Amino acid sequence: PQDLVNCTPLGTPIDPSNVTRTFRQLIKKADLPVIRFHDLRHTHATLLLKQGVHPKIVAERLGHADTRMTLDTYSHLLPSMQKETAKNFGKMLFGTK
């Protein structure tokens, strides 16, 4: 009735502390390094940008008003992306050798 994307089995809003607690338990059970739930958002954005997804699309997925915030936040990825872009462009022009 509240048109929620995610809810409890009863259809009520999920308490954020329950999400955090469950996430921590899953991380521990999987024997993974401790990360915050919010870090999944950064991982998602980073993986998309590294795949070459246009920053406008990434910004929309993150709910950023414009690409400036996305690019400011993830600009540390750009140097390696520049190198990869140049390498791929060279392959396109000259083929692989």
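Only the coordinates and a few stated rules stand behind these numbers; no lab work does. Note that the structure is a prediction, hence the values are computed from the model and not measured. Don't worry about glycine lacking a Cβ; one is built from the backbone with ideal geometry, like all the others, and counts go over all protein chains shown.
Can you give the calculated 222 nm mean residue ellipticity of the chain, where each DSSP H run of n ≥ 4 adds -39,500 (n - 2.57) and the sum is split over every residue, rounded to the nearest 500 deg cm²/dmol?
-19000 deg cm²/dmol
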Point-charge dipole on Cβ atoms (K/R +1, D/E -1) for the chain, about Cα centre, debye to 20
500
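When the expected Rg is taken as 2.2 N^0.38 Å, what fraction or multiple of it is the alpha-carbon Rg of the stretch 10-52? Display every interim value, and only then the final one.
Working: Rg = 13.2 Å, N = 43, 2.2 N^0.38 = 9.2 Å.
Compactness ratio reported: 1.44.
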Rank the residues 58, 34, 53, 5 as a footprinting-exposure proxy: fewest other Cβ atoms within 10 Å of their Cβ go first.
5, 34, 53, 58
Can you work out the base-10 log of I(q)/I(0) for the chain at q = 0.12, 0.24 1/Å, using the Debye formula on its C-alpha atoms alone?
-0.62, -1.15
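Sort 42, 54 so the one with the fewest other Cβ atoms within 10 Å of its own Cβ comes first. Mind showing how you got there, number by number?
Details: 42 14, 54 11.
Fewest to most other Cβ atoms nearby, the residues stand as 54, 42.
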Using Cα springs under 10 Å in a Gaussian network model of the chain, which residue among 71, 32, 47 shows the largest mean-square fluctuation?
32
